[in-house]
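This report refers to the structure that appears directly beneath it.
The values are calculated or read from the model by the stated rules, or taken from the named source; none is laboratory data. All of these numbers come straight from a predicted model, not from anything done at the bench. All Cβ positions, glycine included, derive from the backbone under ideal geometry; neighbour counts span all protein chains shown.
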Amino acid sequence: MASIDANELLADMLKAVKKSLENKWPQVRDLATSEFRKFAQNIEDIKKMKSKGTITLEQAKLQLEIQKNSIKTVLLTEEGLGLLAVEAAINAAIDVIKESVNKIIGWGLL
Amino acid sequence: MKPILGKSRILAALLILVLTSCKVMLIGAYDQVTDENIQKIQVEVMTLLVKVERNLDAKDSAANQYVHFKDRYENLAGETESLKVRCESIPKYNIVVEQVTLLQNNLQNLEKYHQIGFRTKEELVPIKKAFESEFAAMITLQNSLKRKKTD
């Protein structure tokens, strides 16, 4: 039976993720690498467990589904943190002009 | 008739209106109840997994049968559903709602797995790690929303 190398799987997966995420890749690189490493390792482990007869096909699929949902949750947090950063930048920009604009217009507009 | 305000002045006024409408919010505000419920569910899920792990260590397969955990899964299903309903009512909370939905799916997956049965500790390791990552991510986002409130 052919062997499975988690490192090779990881390299292939990361290549695909990088291509798919394009300019967002640098932002999620560390987290995505860590999460997909666990995923690749699990596939290697599933092969070993199958050989020993300690896991069913359905269980193997459930394990991977649990991991996929976990990766999605991690990436959603990254998306949320990105939105918070953009939000903070916009509010900082408004804060910078707040005092002078209010003074010139004579209203507490900002 | 000459307009009272020129185009540039109208644009400037509109810009000011946009800027003044209040602080920009791209994601919903921190909600303490949501945060506490996520942490409560985390404790319950991790306790369940540790219990399974200890039974495997003790080679007590009878104690690990699904029937002994059915109530816990039912409670978790109720708690995650309530959490989802709450999050759906909070404006701009779609990311958190999506995370709670993924957590619900994962608890259903775990329950299905448990119904088939755990045989070795080896199979529990990736499941435990996945839940740890999932909860850590959810709590990280909650903490970030909390920090934002103090801005």
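Tabulated data for the structure shown
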quantity	calculated
Residues of the stretch B:121-134 satisfying the condition of being more than 9 Å from every other protein chain (Cβ to nearest Cβ) and of a type in the set (D, E, K, R)	B:Lys121, B:Lys128
Count of residues meeting criterion [in a loop (DSSP other than H, G, I, E, B) and surrounded by fewer than 18 Cβ atoms within 10 Å (Cβ to Cβ)] in the stretch B:103-118	1
Restricting the stretch B:103-120 to residues that are in contact with an Asp or Glu (Cβ under 9 Å, 6 or more places away or on another chain) and of a type in the set (A, V, I, L, M), the residue that is farthest from the other protein chains (Cβ to nearest Cβ)	B:Leu103
Yes/no for A:Leu75 being within 24 Å of B:Ala29 (Cβ to Cβ), surrounded by 13 or more Cβ atoms within 10 Å (Cβ to Cβ) and within 9 Å of chain B (Cβ to nearest Cβ)	yes
Residue list for the stretch A:99-108, restricted to those being in contact with a Leu (Cβ under 8 Å, 6 or more places away or on another chain) and within 9 Å of another protein chain (Cβ to nearest Cβ)	A:Val101
Criterion violated by A:Asn23 - all others in (1) modelled with pLDDT of 85 or more; (2) in a helix (DSSP H, G or I) satisfied	(1)
Residue satisfying all of: in the stretch B:81-102; more than 13 Å from chain A (Cβ to nearest Cβ) and not charged (D, E, K, R); surrounded by the most Cβ atoms within 10 Å (Cβ to Cβ) among these	B:Leu83
